[in-house]
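Asker: Take this structure, written in C-alpha cells, and hold onto it; I'll ask about it next.
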Amino acid sequence: MDFTSGFIDCHCHLSAPEFDSDREEVIKRAKANGVSAIIVVTEFSKEYQKTLDLCKEHEGFLFPCIGIHPVQEMTGTDLSRSSKPDDLDNLESIIKDNKDTLVGIGEVGLDFTPRYIKTADDKDNQRKVLREQIKIAKEFGLPINVHSRSAGRPVINLLKDENVTSAVLHAFDGRPSHALEGVKHGFYFSFPPCIVHSEQKKKLAKAIPIEHILLETDSPVLGPDKQKRNEPANIRLSCECIAEIKKMAVEDVMKITSENALKLFPMMKRFSK
C-alpha cells in the first residue's frame with residue numbers, strides 16, 4: 001500500500017472502551033475519509049493484548065505502539081496517579097514477544113499536571129518510568145510516542161539527556177521555543193484536530209518546519225468539538241488547518257506528513273509498496 005496517498009494518524013487510542021460499541025464503523029469511516037494508516041497507542045498494561053489483537057485483525061491499516069502512560073488508574077476507584085516503576089512489570093516481555101509487529105513504544109512521557117503531582121517523588125517516578133521505556137525502545141530499535149502535558153520543557157530536556165533520536169511529541173502544549181529545541185534534535189510534533197480552536201497549537205504549527213510535523217487525532221479526545229468523541233476520520237481537519245497556516249495545499253501537507261511518519265516509523269514500510 002502507498003501510505004503517502006492518504007493521512008497517517010500517528011497517535012490514536014482505538015482500543016479505548018469509548019470505541020467498544022462501534023469500532024468497526026469507526027475504522028470504516030476513517031478509510032472512507034482518506035486515512036491510510038493508524039498508529040494505535042496504549043496507556044495501561046490492560047490494553048496491551050487488546051491493542052495487539054486489534055492491529056493483527058486489521059494488519060496493514062492499524063499499527064501498534066505499546067507503552068505505559070505517565071498517568072495511571074488507581075485500582076477500584078475513578079482516580080488517577082503518577083506512574084511508578086512497577087507499572088512496567090511485564091512491558092519488556094510483551095515487547096520482546098511482539099517485536100516483529102510493533103512500530104513504536106508509547107504512549108510514554110511526563111505529565112506534571114498538579115492534580116497528579118502530590119510529592120517530588122511523583123515527578124521522580126515518572127522520570128524513571130520514561131527513562132526505562134527509552135532504554136527498552138533503544139534495545140529494540142523503536143521510536144517513542146511521547147506525552148508531555150504541563151511538562152514540555154522537562155520532556156525535551158530528558159529526551160536530549162538520554163540521546164533520544166527517534167520521537168514524536170504528540171499534542172505538545174509547551175512553548176514554540178522549547179519545541180524548536182526538539183526540532184534541532186530531530187524530533188517530530190503531531191497535531192490533533194483540536195488545533196482548529198487552539199491558538200497555542202496554531203502558533204506551534206507555524207513555528208515548526210513542515211519536515212517535522214505529523215498528523216494525529218488522539219481519539220477519542222482532542223477533537224474539534226470538546227463535547228463529542230473524536231475519531232480518526234477527523235484527521236483531515238488537522239491537515240487543513242496546518243495547510244492554511246503554512247499556506248500550502250492540503251494534498252501537499254498530507255503527503256509530506258505521511259512521508260515524515262514513515263521516516264519515524266520505518267516498520268510500517270513492510271506493508272508499503
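The values are calculated or read from the model by the stated rules, or taken from the named source; none is laboratory data. Because the structure is predicted, anything quoted here is derived from the model rather than measured. Positions of Cβ are generated from backbone atoms using ideal geometry, with glycine treated the same way; all protein chains shown enter the neighbour counts. SASA here: full protein model, heavy atoms, side chains in, ligands and nucleic acids out. Shrake-Rupley method; radii C 1.70, N 1.55, O 1.52, S 1.80 Å.
Asker: Defining a contact as two alpha carbons under 8 Å apart and six or more residues distant in sequence, what relative contact order in percent does region 20-131 show? Display every interim value, and only then the final one.
Answerer: Details: 156 pairs, mean separation 29.5, N = 112.
Reported relative contact order: 26 percent.
Asker: Per the Debye formula with a single identical scatterer at each Cα and no solvent contribution, what log10 I(q)/I(0) holds for region 7-67 at q = 0.12, 0.23 Å⁻¹?
Answerer: For region 7-67, the Cα-only Debye profile gives -0.24, -0.92.
Asker: Could you please state, rounded to a whole Å, how far the C-alpha centre of region 1-62 is from the C-alpha centre of region 148-194?
Answerer: So the separation of the two Cα centres works out to 24 Å.
Asker: Could I ask something else about it? With no solvent and one point on each alpha carbon, what is the Debye value of log10 I(q)/I(0) for region 88-159 at q = 0.15 Å⁻¹?
Answerer: Per q value, in the given order, log10 I(q)/I(0) is -0.51.
Asker: For LYS246, go through the lysines and keep the ones whose alpha-carbon is under 20 Å away, minus same-chain ones fewer than eight residues off.
Answerer: Within reach: LYS184, LYS201, LYS202, LYS203, LYS206, LYS255.
Asker: Follow-up. ASP53 versus ASP161, label points 7 Å from Cα toward the beta carbon: distance in nm?
Answerer: Inter-label distance under the simple model: 3.9 nm.
Asker: Packing-wise, with mean Cβ within 10 Å as the measure, how do 90-103, 134-147 rank, highest first? Each step should come with its number before you reach the end.
Answerer: Working: 90-103: 15.6, 134-147: 20.8.
So the peptides 90-103, 134-147, ranked by packing, come out 134-147, 90-103.
Asker: Rounded to two decimals, what is the ratio between the C-alpha radius of gyration of the chain and 2.2 N^0.38 Å?
Answerer: Values: Rg = 17.1 Å, N = 273, 2.2 N^0.38 = 18.5 Å.
My calculation over the Cα atoms of the chain gives 0.92.
Asker: Let me ask something additional. Just to be sure I follow: if Rg is taken over the C-alpha atoms of region 1-142 and Rh is the Kirkwood radius over the same atoms, what is Rg/Rh?
Answerer: Working: Rg = 16.0 Å, Rh = 16.0 Å.
Here Rg/Rh amounts to 1.00.
Asker: Still on this structure, please answer the following. Show me the ranking of peptides 153-164, 230-241 by mean Cβ neighbours inside 10 Å, starting with the highest. Can you show the working numbers first?
Answerer: Details: 153-164: 18.3, 230-241: 23.5.
Final packing ranking: 230-241, 153-164.
Asker: Straight-line reach only, C-alpha to C-alpha below 15 angstrom: list the aspartates and glutamates that LYS263 could link to, leaving out same-chain residues fewer than 8 apart.
Answerer: Reachable aspartates and glutamates: ASP2, ASP9, GLU211.
Asker: Mind grabbing the base-10 log of I(q)/I(0) for region 65-203 at q = 0.12, 0.18, 0.20 Å⁻¹? Debye formula, identical points on the C-alpha positions, no solvent, two decimal places.
Answerer: Log10 of I(q)/I(0), two decimals: -0.47, -1.04, -1.23.
Asker: Treating only the Cβ atoms of Lys and Arg (+1) and Asp and Glu (-1) as charged, compute the dipole magnitude of region 124-255 about its Cα centre; round to the nearest 20 debye. Don't jump to the answer; show the numbers that get you there.
Answerer: Values: 21 positive and 17 negative charges, 62 e Å.
Here the size comes out at about 300 debye.
Asker: Oh, and also: Any chance you could run the full-extension gain for ILE210 through SER5? It's 0.36 nm times the residue separation minus the Cα-Cα distance, nm to one decimal.
Answerer: Working: separation 205, 0.36 × 205 = 73.80 nm, distance 1.72 nm.
72.1 nm is the gain from fully extending ILE210 to SER5.
Asker: Which whole-number percent of Cα pairs in region 148-227 have a distance greater than 15 Å?
Answerer: Of the Cα pairs, 52 percent sit more than 15 Å apart.
Asker: Quick check: with the 1.4 Å probe, what order do MET254, MET1 take by accessible area, largest first?
Answerer: On the way: MET254 30, MET1 90 Å².
Highest to lowest solvent-accessible surface, that is MET1, MET254.
Asker: Below 22 Å, Cα to Cα, which lysines can LYS50 reach? Residues fewer than 8 away in the same chain don't count.
Answerer: Cα-Cα hits under 22 Å: LYS28, LYS31, LYS96, LYS99.
Asker: Something else about it: Just the ratio, please: alpha-carbon radius of gyration of region 176-273 over 2.2 N^0.38 Å, N its number of residues. Walk me through the numbers before you get to the answer.
Answerer: Working: Rg = 13.3 Å, N = 98, 2.2 N^0.38 = 12.6 Å.
Relative to the 2.2 N^0.38 Å estimate, region 176-273 comes out at 1.06.
Asker: Below 8 Å between Cα atoms, with a sequence gap of 6+, how large is the relative contact order for the chain in percent? Present the calculation step by step, with values, prior to reporting the outcome.
Answerer: Values: 558 pairs, mean separation 58.6, N = 273.
Taking the mean separation of contacting Cα pairs over the length of the chain, I get 21 percent.
Asker: Evaluate region 209-254: find the radius of gyration of its Cα atoms, find its Kirkwood radius, and give the ratio Rg to Rh. If you can, show how the numbers build up before the last one.
Answerer: On the way: Rg = 11.2 Å, Rh = 11.1 Å.
With Rh from the inverse mean 1/r over Cα pairs, Rg/Rh is 1.01.
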